[in-house]
Amino acid sequence: MSAAALALRGAATGERWTLAGGHVLHLRPLAPGDAAAEQVFFNGLSLDSRVLRFHFGLRELSPSLLKLLTEVDQRLHRAWVLVLPGPEGAIVADARFVADPARTGAAEFALAVADAWQGRGLGRRLMAHLITEARRQGLRELSGDVLADNRRMLALLRDLGVRLLGHPDGPQLIRAEMTLN
Ligand SMILES: CC(C)(COP(=O)(O)OP(=O)(O)OC[C@H]1O[C@@H](n2cnc3c(N)ncnc32)[C@H](O)[C@@H]1OP(=O)(O)O)[C@@H](O)C(=O)NCCC(=O)NCCS
């Protein structure tokens, strides 16, 4: 099997992540059966984390937002979940990018890590994963809007070489852009 085919197979089946301290997590593409676990994951985020992720303070996911987040085609909208081992497989993080219909080759990213798992390097690793996958898919640009007070997200984006720019909608937002080659 060619290296490219192997890489694609890896992207489809997922990978094991071993963390400092010995925790093992499984990164895999979001699957159609994940809706209930996704609802638990997003509703379990603290209000602060939900504001940082969605830019507004929703108390819980509406059925339509849940549908939007879980009915993904894994082509124009690609999503991964990081899950605990075992049959329950609770979701501890979610990362995705969605093709921008107005700009061929461009996509918008978003990610969230459960509060209890933040600050352990998962966000950085997930963002690097999104960049790798976007590049592998042949996208030219990956971008996202980040709240200006999201210091952790901005720090990791800066470290990964993502451009942080002013946003046309105002100083409360930062436009993060990365050109892929
Ligand atoms: C933003 C988020 C994805 C980052 O994930 P994470 O796993 O917590 O981040 P990491 O552990 O990878 O840390 C990334 C960097 O943030 C910085 N950081 C860590 N803890 C921090 C803190 N308490 N305050 C400020 N910066 C901090 C560090 O620079 C760290 O890099 P390091 O590895 O050199 O220490 C996660 O905190 C989250 O889900 N937040 C809520 C939702 C959200 O903001 N999503 C992004 C929307 S665009």
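Values as computed for the structure displayed
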{"quantity": "In Å², nearest 10: area of V98 left accessible to a 1.4 Å probe", "calculated": "60"}
{"quantity": "Cα-based Rg of the range 92-151 normalised by 2.2 N^0.38 Å, two decimals", "calculated": "1.19"}
{"quantity": "Among A116, A37, A107, residue whose mean-square fluctuation peaks in a GNM of the chain (springs only between Cα atoms under 10 Å)", "calculated": "A116"}
{"quantity": "Backbone N within the range 131-170 under 18 Å of label point (7 Å from F56 Cα along the Cβ vector)", "calculated": "145-148, 169-170"}
{"quantity": "Inter-label distance for L19 and T104, nm, one decimal - labels placed 7 Å from Cα along Cα-to-Cβ", "calculated": "4.2"}
{"quantity": "Where the range 134-181 is the region considered: accessible area per residue in Å², 1.4 Å probe", "calculated": "58"}
{"quantity": "Centroid-to-centroid separation of the range 111-160 and the range 55-77 [C-alpha atoms, Å]", "calculated": "18"}
{"quantity": "Carbon/sulfur fraction of accessible area - the chain, other protein chains in place, 1.4 Å, %", "calculated": "56"}
{"quantity": "DSSP-defined beta bridges in the range 86-153 - what % are antiparallel, rounded to 5", "calculated": "70"}
{"quantity": "Debye log10 I(q)/I(0) for the range 10-103, one point scatterer per Cα, at q = 0.12, 0.15, 0.20 Å⁻¹", "calculated": "-0.41, -0.64, -1.08"}
{"quantity": "Mean separation of Cα contacts under 8 Å, 6 or more apart, over the residue count of the chain: relative contact order %", "calculated": "15"}
{"quantity": "Table column - 3J(HN,Hα) (Hz), the range 152-161, Karplus curve with 6.51, -1.76, 1.60, x for Gly and Pro", "calculated": "5, 5, 5, 5, 6, 5, 4, 5, 8, x"}
{"quantity": "Per-pair calculated FRET efficiency, R0 = 45 Å: E88 and A155 via Cβ, rounded to 0.05", "calculated": "0.90"}
{"quantity": "Low-density loop positions, GluC sites (Glu not before Pro), the range 80-181 - DSSP coil, at most 11 other Cβ in 10 Å", "calculated": "E88"}
{"quantity": "Highest-fluctuation residue, A95, A35, A155 considered, GNM on the chain with Cα pairs under 10 Å", "calculated": "A155"}
{"quantity": "Contour minus Cα-Cα distance for R75 and H167 (0.36 nm per residue)", "calculated": "30.4 nm"}
{"quantity": "Kirkwood estimate for the chain, i.e. one over the average of 1/r between Cα atoms, Å", "calculated": "16.9"}
{"quantity": "Choice from A99, A79, A20 with maximal GNM fluctuation in the chain (Cα, 10 Å cutoff)", "calculated": "A20"}
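The values are calculated or read from the model by the stated rules, or taken from the named source; none is laboratory data. Here the structure is a predicted model, which is why all the values come from computation and not from measurement. Cβ sites come from the backbone with ideal geometry, for glycine too, and all protein chains shown count toward neighbours. We work out accessible area using only protein heavy atoms, side chains counted, and drop any ligands, DNA or RNA first. Shrake-Rupley method; radii C 1.70, N 1.55, O 1.52, S 1.80 Å.
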